[in-house]
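First up is the structure itself, then whatever we jot down about it.
The values are calculated or read from the model by the stated rules, or taken from the named source; none is laboratory data. Predicted model only: the values in this text are computed from it and were never measured. Neighbour counts are summed over all protein chains in view; Cβ atoms, including those assigned to glycine, are modelled from backbone coordinates with ideal geometry.
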Amino acid sequence: MVFVILGEFTTFDFMPGIPAPFNFGLAILSNQKMLTLWEKLQTAPPLLPMLVEGQPFIDAQDELSVTDFMRKYGMPERINDEVFIAMAKALDFIDPDKLSMTVVLTAMNRFLNEDDGLQMAFLDGNQPDRLCKPMVDYIEARGGQVLTKAAVKEIVTNDDGSVKHLLMRSGEKIEADEYISAMPVDVMKRFVPKAWSTMPHFRQMDELEGIPVINIHMWFDKKLTSVDHLCFSRSPLLSVYADMSTTCKEYYDENKSMLELVFAPCSPIAGGKTNWIGKSDEEIIDATMGELARLFPTEIAQDGSKAKLLKYAVVRTPRSVYAAIPGRNKYRPSQKTPIPNFTLAGDWTSQKFLGSMEGAVLAGKLAAEVVADRAVGIESKPLKEIHQTVMAKSSTWKEAEPAGVKGDGPIAWGAGSDNNAGARKQLAESDPEQLVDTGAIPVLR
Ligand SMILES: Cc1cc2nc3c(=O)[nH]c(=O)nc-3n(C[C@H](O)[C@H](O)[C@H](O)COP(=O)(O)OP(=O)(O)OC[C@H]3O[C@@H](n4cnc5c(N)ncnc54)[C@H](O)[C@@H]3O)c2cc1C
């Protein structure tokens with residue numbers, strides 16, 4: 001793991017050949033720049049139960065924020081500033097006082113239990129070509145078909161509540177034996193058919209909500225000091241970043257840097273004071289330059305008088321991964337649903353990894369298991385139990401038609417967009433609350 005401190009990089013090095021958890025311990029002990037020996041020693045005891053008790057201990061911490069956990073177990077406050085702010089923003093784009101401790105422990109548990117639990121890697125090129133195309137080729141080679149730009153408008157049900165067909169925005173109807181939704185939670189909530197609208201399995205989704213995040217691409221006229229790695233910025237506004245001109249083959253350049261940065265927290269629900277999603281690109285870039293000038297004072301100045309910014313793109317994703325604030329894990333639904341021909345997937349459904357690409361893949365595998373088991377008549381795992389706090393609200397539920405998705409473009413479907421692709425226009429159509437300049441953003445229903 002690489003952290004940036006005033007233009008310098010400091011690392012927690014996991015030494016090859018040393019088994020977990022000793023490689024994790026050594027990585028912490030050998031870093032001399034971030035924590036004193038006494039602070040390191042104070043950090044270890046609260047984490048020991050995780051080694052002994054494993055997953056039950058990790059799950060039980062979901063009701064506590066990272067800050068609550070630190071105070072409960074007497075961890076030194078400086079660990080928050082030095083490590084947890086960067087970690088929380090990298091894992092869920094929110095600050096440690098908002099993030100569930102389960103998320104941090106889930107990541108740390110990998111470091112403690114797997115010799116190569118910490119691995120970071122970059123694609124060697126752009127995602128459509130290097131990630132999506134091979135998957136599409138694989139499916140097509142086996143007789144499958146992948147349709148893009150084909151939005152589902154409505155899930156149409158039979159009298160018994162099972163899915164009859166999907167009504168597409170094009171007006172086409174798609175009938176199938178099995179239906180799997182991998183839509184983001186904020187979109188799925190808008191699709192729940194009237195017949196399912198008072199079912200606890202779907203109502204528990206009310207407790208989950210995507211977190212806003214901004215992703216920034218910046219092209220500079222010179223090569224900045226960089227490392228071939230993901231960097232934790234330890235800045236109030238920036239999360240992780242990488243110099244793609246160093247880390248990624250397709251963008252490799254020895255003379256000019258291209259930074260890709262995650263800007264977080266970017267709204268009050270993520271712990272920030274400002275709703276940056278509602279701000280202009282220029283305001284966001286100005287704030288980012290200010291943060292970069294603080295991190296790299298010899299190379300970058302906020303007024304652009306040092307390295308010159310040649311161009312930029314600001315990508316807003318107003319509803320990204322589900323907000324892993326305390327107490328949310330219990331509301332993540334199982335892939336199996338009460339509907340006999342409908343299964344859920346997506347990183348937000350119940351699986352042991354976080355809201356991440358890895359989590360999305362695992363959820364997909366679990367969804368495939370449900371469908372495969374059903375196909376051969378095996379009774380698959382039971383539905384995940386619904387928590388009593390969901391059931392306590394059941395008297396207030398009323399049957400309702402699905403809200404549906406308003407507008408078009410990536411933002412409407414839970415993804416991100418830059419202003420060249422009309423991000424602000426898309427937001428105004430599909431999620432106008434996000435453009436309100438300050439204040440908490442209301443939960444979508
Ligand atoms: C800025 C940023 C940085 C990230 N960095 C990392 C990282 O470094 N590592 C990591 O592991 N994860 C990272 N993530 C998280 C990761 O991108 C997500 O966890 C992952 O993409 C979730 O996958 P998914 O398949 O569940 O959902 P998504 O990727 O959101 O896919 C849902 C799909 O459903 C489609 N859809 C929605 N509605 C409809 C409809 N009605 N009809 C048809 N299609 C529809 C959408 O268009 C979309 O393609 C990052 C996320 C963001 C925003």
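Filtered by the rule that a residue be touching a His at 6+ places or on another chain (Cβ under 9 Å) and within 12 Å of the ligand (Cβ to nearest atom), the range 314-343 gives VAL314, VAL315. So is LEU383 within 10 Å of the ligand (Cβ to nearest atom) and surrounded by 14 or more Cβ atoms within 10 Å (Cβ to Cβ) or not? No.
Only one residue in ILE180, ILE216, ILE269 is under 21 Å from ILE325 (Cβ atoms), among the β-branched types (Val, Ile, Thr) and crowded, with 16+ Cβ neighbours inside 10 Å. Which one?
Values: ILE180 fails: under 21 Å from ILE325 (Cβ atoms); ILE216 fails: under 21 Å from ILE325 (Cβ atoms).
Criteria check complete, one pass: ILE269.
Let me spell it out: the conditions are (1) under 22 Å from the mean Cα position of the chain (by Cα); (2) surrounded by 16 or more Cβ atoms within 10 Å (Cβ to Cβ); (3) not aliphatic (A, V, I, L, M), and GLU358 meets all of them except one. Which number is the exception? Going through (1) under 22 Å from the mean Cα position of the chain (by Cα); (2) surrounded by 16 or more Cβ atoms within 10 Å (Cβ to Cβ); (3) not aliphatic (A, V, I, L, M) one by one, GLU358 breaks only (2). Cβ-Cβ contacts under 7 Å between residues 6 or more apart (or on different chains), taken from a first residue in the range 184-198 that is under 10 Å from ILE155 (Cβ atoms) and at pLDDT 95 or above to a second residue that is away from the ligand (no atom under 11 Å from the Cβ) and assigned to a helix (DSSP H, G or I), are listed as MET188/MET205; VAL192/PHE202; TRP196/PHE202.
When ALA107 is evaluated against the numbered criteria (1) touching a Leu at 6+ places or on another chain (Cβ under 8 Å); (2) modelled with pLDDT of 85 or more; (3) within 16 Å of the ligand (Cβ to nearest atom), which criterion, by number, is the only one it fails? ALA107 satisfies every listed condition except (2). Selection of first residues in the range 404-422 that are of a type in the set (Lys, Arg) and of second residues that are more than 10 Å from the ligand (Cβ to nearest atom), restricted to Cβ pairs under 7 Å at least 6 apart or on distinct chains, gives the following pairs, ordered by first then second residue: LYS406/GLU429; LYS406/SER430. Look at (1) in the same structural domain as ALA176 (by TED's automatic domain parsing); (2) modelled with pLDDT under 95; (3) in contact with a strand residue (DSSP E or B) (Cβ under 9 Å, 6 or more places away or on another chain) and you find that ASP347 fails only one, number (2). Filtering ALA287, ALA293 for residues that are over 28 Å from ASP124 (Cα atoms) and in contact with a strand residue (DSSP E or B) (Cβ under 9 Å, 6 or more places away or on another chain) leaves a single hit, ALA287. In this structure, is PRO76 surrounded by fewer than 19 Cβ atoms within 10 Å (Cβ to Cβ) and part of a loop (DSSP other than H, G, I, E, B)? Yes.
Do the conditions hold for GLY271, that is, is it in contact (Cβ under 8 Å) with a residue 60 or more places away in the chain and not hydrophobic (A, V, I, L, M, F, W, C)? Reasoning before the result, please.
On the way: in contact (Cβ under 8 Å) with a residue 60 or more places away in the chain: yes; not hydrophobic (A, V, I, L, M, F, W, C): yes.
It is true that GLY271 is in contact (Cβ under 8 Å) with a residue 60 or more places away in the chain and not hydrophobic (A, V, I, L, M, F, W, C).
ALA375: over 19 Å from the mean Cα position of the chain (by Cα), more than 9 Å from the ligand (Cβ to nearest atom) and surrounded by 23 or more Cβ atoms within 10 Å (Cβ to Cβ), yes or no? Criteria not met by ALA375.
Rundown of residues vs (1) farther than 25 Å from SER65 by Cβ; (2) surrounded by fewer than 16 Cβ atoms within 10 Å (Cβ to Cβ); (3) acidic (Asp, Glu); (4) touching a residue at least 40 places away in the same chain (Cβ under 8 Å), yes/no style:
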residue	(1), (2), (3), (4)
ASP286	yes, yes, yes, no
GLU299	yes, no, yes, yes
ALA307	yes, no, no, yes
ILE325	no, no, no, yes
PHE353	no, no, no, yes
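Looking only at residues in the range 38-71 that are under 23 Å from the mean Cα position of the chain (by Cα) and among the small types (Gly, Ala, Ser), the one that is surrounded by the most Cβ atoms within 10 Å (Cβ to Cβ) is SER65.
In summary, LYS223 fulfils each of the numbered conditions (1) closer than 30 Å to ALA88 by Cβ; (2) over 20 Å from the mean Cα position of the chain (by Cα); (3) surrounded by 14 or more Cβ atoms within 10 Å (Cβ to Cβ); (4) in the same structural domain as PHE263 (by TED's automatic domain parsing) with the single exception of condition (1).
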